[in-house]
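Working notes, structure below.
The values are calculated or read from the model by the stated rules, or taken from the named source; none is laboratory data. The structure presented is a predicted model; accordingly, all values stated were derived computationally and were not measured. Using ideal geometry, Cβ is built from the backbone for each residue, glycine included, and neighbour counts are taken over all protein chains shown.
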Amino acid sequence: MFKRRFLSFKGFLCWTFLVLFSQQALPNIEEYFPYKIVPAASNFGNTGIYQVPNARFMKEATLRFNFSSSYPFEYTSLTASPFNWFEATYRYVEIKNRNYGPDSYSGNQSLKDKGFDLKLRLLNESTYLPAAAVGIRDIAGTALFSSEYLVFTKRYGNFDITAGLGWGGLGAAGGIKNPLEALDDSFKTRTISVGEGGNFSPKVWFSGKTSLLGGIEYDLHKYGLKFKLEYDTTDPDSTRFPVEVDSRLNVGVNYYFSRSLNIGAAFERGNQFRISFVINGNFLEDTIPKPRPKNVIALSQKQKQEAFENKGIFYRSLNKSLRDESIYIQGANYKEDEVDVSIGTTRFQSQTRAAGRTARIVSALSTDEVKKINIHSMNGDLEISKISINRKEFDAANNSEGSFQEVLAKSSITSQSSEPLYSNADFMPLVDFPEFNWSMSPSLKHQIGGPEGFYLGQLLWKTDMSLKLSRNLIIHSSFGINLYDTFDEFNNPSASSIPHVRSDIQDYLSEGKNNLARLQAQYFASPFKDWFFRADLGLLEEMFAGYGGEVLYRPFNREFAYGLTVHRVRQRGFEQRFSFRDYETTTGHLSFYYDFPYGINSQFLVGKYLAGDKGVTLDLSRRFKSGFTLGVFATKTNLSAEEFGEGSFDKGFYVSVPTKLFYSDFTTGAISFGLHPLTKDGGALLYQHNSLFGILGDTNRSSIIRDWDYLLD
Amino acid sequence: MKKIYISFFFLFLNGCSILESNKIAPGYTQAFSAIKNALIGYENTTITPNLVEAIPYASSLIRIGKGPYGLMILETQDKNKTTWVTADGVYLVMEKGKIIKTKGLSNNISNMLMSHSFSRSDLLSLNQDIVYKYYYSYDFPKLSDLEVSVTFKIRGKSKIELLNQQKELTLIEEELRNDFIGWNVINSYWVDEDSFVWKSEQYISPRLPKITYEVTKKPSR
């Protein structure tokens, strides 16, 4: 009897082991399934099941768009992961059975609630311990969906099991005593303050009713399916907008076309179907192969000597070979033992890559006496760096007999911005000033989330022109011609109690459909090493004209920079041509920039904003080596929350995706988009074309060293 | 005010004697081209019969997925095994036209065992009823001996347009199947009466797209 029991227990253990760890015995086979299943999005956009979040995360540098529709809740969201352990989500929830407002205000538009969610990993999953994450939904919102959670997720073979605690919306079902009551009595009750939103309410976080929540996901890799089941603790039948609940279980399945695209169908609350669509992209690395350096046939010793004696041959050959790489000489000096070349390019984002390709060509054309190749990189007409490459080490590395690290050890990286090579070079290409340049393309303007309609927009034909009168002196213009718009529906004039520096946006959009967005003269200079200067005059942006400038000190070898901008501006007429409104002011800021490790960049501004309010702006972003950038900003000024209006203070986020990540050649452009949830007058900055930090922000020594492995690429 | 825009427009047109098309919606043009290449694939615009003729080595055309066409040069030949190399350092080892080892791709065949040998088989007389076995080993990520069931079908002759000639070739289909991971693909080989593979479309790993290969200058025996 004992023996039978013992065997039975052993058998049970064996079976348990086999079931739980059967997939782990083949650790790499999952990588070979034709379908790639990745953690799914919850309804709200961040990683999770449906209502219930889990402790899984997207890979860092991922952007995910999620659309999830049911009745009455429809979610549209954008989630970003600046780190492997952090997700941030911005979303709109459409509540289809509620109106945005009275008919006279918003017609029959349904209610939209916007929200911002954060999720943070506390613990990585290990053999015995689950992954743990904590998160907050609707962090500064209207409290309609405010929730906090602590969740644990553990994988057993193809099962992913989640359990945790929910507060706020996720704790609505209650069921257990809030364990945080042991720390402080204030966690006992949750004071709900439903308002316009925009305020952080940390006092209510993790307080009030608490629920145990959980769910199970199962990956069927062979068919690209993920099955999901959860116990919904949000109690949707007893909220401000109650819906019928026949079951607390939500169940469904997602089908993965690829790692980047999946669709889902679910049955929720026992009576409604939900469909979802998710598209995501990871921008950590450039995965599309790019052209290798063009093949350069080295000159023979005799030809090199001839090119040295008749330097015109050298300069012409250099000019031609560099043009084949879309690198343009701004100046060059060929001395006995070193060559200096000043280059500009709109093809390569990384100055290290352009420098490497230039050095390769110089080496193929110059005599063996040349020991040093100095590459002077230009951005516009400003010289931003000088990379002095040891020719012998470079040639060895280029022939796979050395490494880029060895080249770095024997190279120097400096800056002599106030004495650009082009000002005294032996060879300078002839440039006929004035130099005219132009481009035109269709463009979109839009306003999202207004009471008149969720999306109102304009399609216009935009033409940009520039006229360079001399080095560093340029006139820019930008005008738009309306092709189609829906701006006539605007019906929500500004009620701001402070000067309407931004909140008259509806008037600017509807009256300025055909506009002269900018007509501006700019002058740049670098009077001293590492000091840069810019002067502006004209129609500076769509809403303001005036004059002013910027000074920036960027010590090349350091991780910080600081500057000052000052502008005297007058508000432009709504039609954005040559008329002006009465409002004028002086605006300006002291700025401080610091580059932290891991590509984290910060900007801190203090000064006077367009409406005359005074305060500070903090901008934090992470720039990945691929150039992909995620950032957030917030501005707090001396305006009260009442004066500022909905939102309480200015804040927003932005994303920049380099276009080269989509193409099979290098480009310097980027697809950038940002979102100000609300257009308010408080904390409004003047939009500055060609800001000095925009031109010089990623050009210091550490940026060149970060990209040093591109030298031979 | 419309006059201002019209005069701006004509001023601008006068300013440039030739309307440069690359300045009109350059971003959209680039995006359109990238999307077209991603959906339809790249066209072969660079490798011509003249270029192939000018190179004094055996060569073949290669394309990975919908990517651009490239030229491979024969590096070595050992009986029925040939090693081909591309300008960007991709090596393919083939046994009578079948890819059996690779280097330089994002995922490579590090070893391959076959229950029959391409080199020893007369491809035109393959037994179509036998289920053969292949065992693929890969790197990055490492996987050893992925068992694949293989069946062949001889589909018949047709005229095939190659880069520099037209040939009447027999299509042989090779079906690969692994039910555990759900990998089920069909490779195609176009062979002449000597069982020489002139063209093929091969899936070599569940992690790689189809590799298209076409001989442009046949190796001498």
Between B:162, B:176, which is of a type in the set (A, V, I, L, M, F, W, C), out of contact with any helix residue (DSSP H, G or I) (no Cβ under 8 Å at 6 or more places or on another chain) and more than 30 Å from residue B:51 (Cα to Cα)?
B:176
Working only within the stretch A:60-83, note down all residues that are surrounded by fewer than 22 Cβ atoms within 10 Å (Cβ to Cβ) and over 15 Å from the mean Cα position of the chain (by Cα).
A:67, A:69, A:70, A:71, A:72, A:74, A:76
For residue A:496, the lone unmet condition from (1) within 30 Å of residue A:380 (Cβ to Cβ); (2) more than 13 Å from chain B (Cβ to nearest Cβ); (3) polar (S, T, N, Q); (4) surrounded by 18 or more Cβ atoms within 10 Å (Cβ to Cβ) is (1)
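Given A:607, A:652, A:674, A:615, which one is closer than 25 Å to residue A:91 by Cα and in contact with a Leu (Cβ under 9 Å, 6 or more places away or on another chain)?
Details: A:607 fails: closer than 25 Å to residue A:91 by Cα; A:674 fails: in contact with a Leu (Cβ under 9 Å, 6 or more places away or on another chain); A:615 fails: closer than 25 Å to residue A:91 by Cα.
Among A:607, A:652, A:674, A:615, only A:652 is closer than 25 Å to residue A:91 by Cα and in contact with a Leu (Cβ under 9 Å, 6 or more places away or on another chain).
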The number of residues in the stretch A:430-489 that are within 30 Å of residue A:94 (Cβ to Cβ) and either part of a loop (DSSP other than H, G, I, E, B) or away from every other protein chain (no Cβ under 14 Å) (or both) is 20
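If only one of A:520, A:506 is away from every other protein chain (no Cβ under 14 Å) and either modelled with pLDDT of 95 or more or in a loop (DSSP other than H, G, I, E, B) (or both), which one is it? So that I can check it myself, show each step before the final result.
Values: A:506 fails: either modelled with pLDDT of 95 or more or in a loop (DSSP other than H, G, I, E, B) (or both).
After applying the criteria, what remains is A:520.
With the structure loaded, tell me whether residue B:94 is modelled with pLDDT of 90 or more, closer than 16 Å to residue B:202 by Cα, aliphatic (A, V, I, L, M) and more than 18 Å from the chain's Cα centre (by Cα) or whether it fails that test. Lay out the reasoning, then the answer.
On the way: modelled with pLDDT of 90 or more: yes; closer than 16 Å to residue B:202 by Cα: yes; aliphatic (A, V, I, L, M): yes; more than 18 Å from the chain's Cα centre (by Cα): no.
Against the criterion (modelled with pLDDT of 90 or more, closer than 16 Å to residue B:202 by Cα, aliphatic (A, V, I, L, M) and more than 18 Å from the chain's Cα centre (by Cα)), residue B:94 does not qualify.
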Return the residues of the stretch B:130-161 that are acidic (Asp, Glu) and touching a strand residue (DSSP E or B) at 6+ places or on another chain (Cβ under 7 Å); say none if nothing qualifies.
B:139, B:145, B:147
Looking at (1) in a loop (DSSP other than H, G, I, E, B); (2) more than 14 Å from every other protein chain (Cβ to nearest Cβ); (3) of a type outside the set (Asp, Glu), which one does residue A:538 not meet, given that it meets all the others?
(1)
Considering only the stretch A:566-578, I want to know if a residue exists there that is assigned to a strand (DSSP E or B), within 27 Å of the chain's Cα centre (by Cα) and either surrounded by 14 or more Cβ atoms within 10 Å (Cβ to Cβ) or within 14 Å of another protein chain (Cβ to nearest Cβ) (or both).
no
Let me spell it out: the conditions are (1) closer than 30 Å to residue B:130 by Cβ; (2) crowded, with 16+ Cβ neighbours inside 10 Å, and residue B:68 meets all of them except one. Which number is the exception?
(1)
Residues located in the stretch A:275-285, provided they are surrounded by 14 or more Cβ atoms within 10 Å (Cβ to Cβ), more than 12 Å from residue A:42 (Cα to Cα) and not aliphatic (A, V, I, L, M)
A:280, A:281, A:282, A:283
Tell me, please, whether a residue that is touching a residue at least 12 places away in the same chain (Cβ under 8 Å), touching a Phe, Trp or Tyr at 6+ places or on another chain (Cβ under 7 Å), aliphatic (A, V, I, L, M) and more than 30 Å from residue A:35 (Cβ to Cβ) can be found in the stretch A:181-199.
no
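Residues that are within 13 Å of chain A (Cβ to nearest Cβ) and of a type in the set (Asp, Glu), at least 2 per element: which strands (runs of 3 or more DSSP E) completely within the stretch B:126-221 meet that? It would help to see each step written out before you state the result.
Values: elements: B:132-139, B:143-161, B:166-178, B:183-191, B:197-202, B:211-217.
Correct list: B:143-161.
Which ranges mark the strands (runs of 3 or more DSSP E) fully within the stretch B:21-95 that have 1 or more residues being within 14 Å of chain A (Cβ to nearest Cβ) and in contact (Cβ under 8 Å) with a residue 60 or more places away in the chain?
Details: elements: B:59-64, B:70-78, B:81-86, B:91-95.
Per the criteria, B:59-64, B:70-78.
Within the stretch A:337-391, can you find the residues that are in a strand (DSSP E or B), over 25 Å from residue A:474 (Cα atoms) and within 31 Å of the chain's Cα centre (by Cα)? Write out each step before concluding.
Going residue by residue through the stretch A:337-391, those that are in a strand (DSSP E or B) are A:338-345, A:372-379, A:382-390.
Narrowing the set further to residues that are over 25 Å from residue A:474 (Cα atoms) leaves A:338-340, A:372-375, A:387-390.
Selection gives A:375, A:387.
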Using the structure shown, decide if residue A:657 is over 29 Å from residue A:547 (Cβ atoms) and in contact (Cβ under 8 Å) with a residue 12 or more places away in the chain.
yes
Checked pairs for the stretch A:212-227, first away from chain B (no Cβ under 14 Å) and within 30 Å of residue A:180 (Cβ to Cβ), second surrounded by 21 or more Cβ atoms within 10 Å (Cβ to Cβ) and among the polar types (S, T, N, Q), C-beta under 7 Å and 6 or more apart or across chains, list as A:213/A:233; A:214/A:162; A:215/A:162
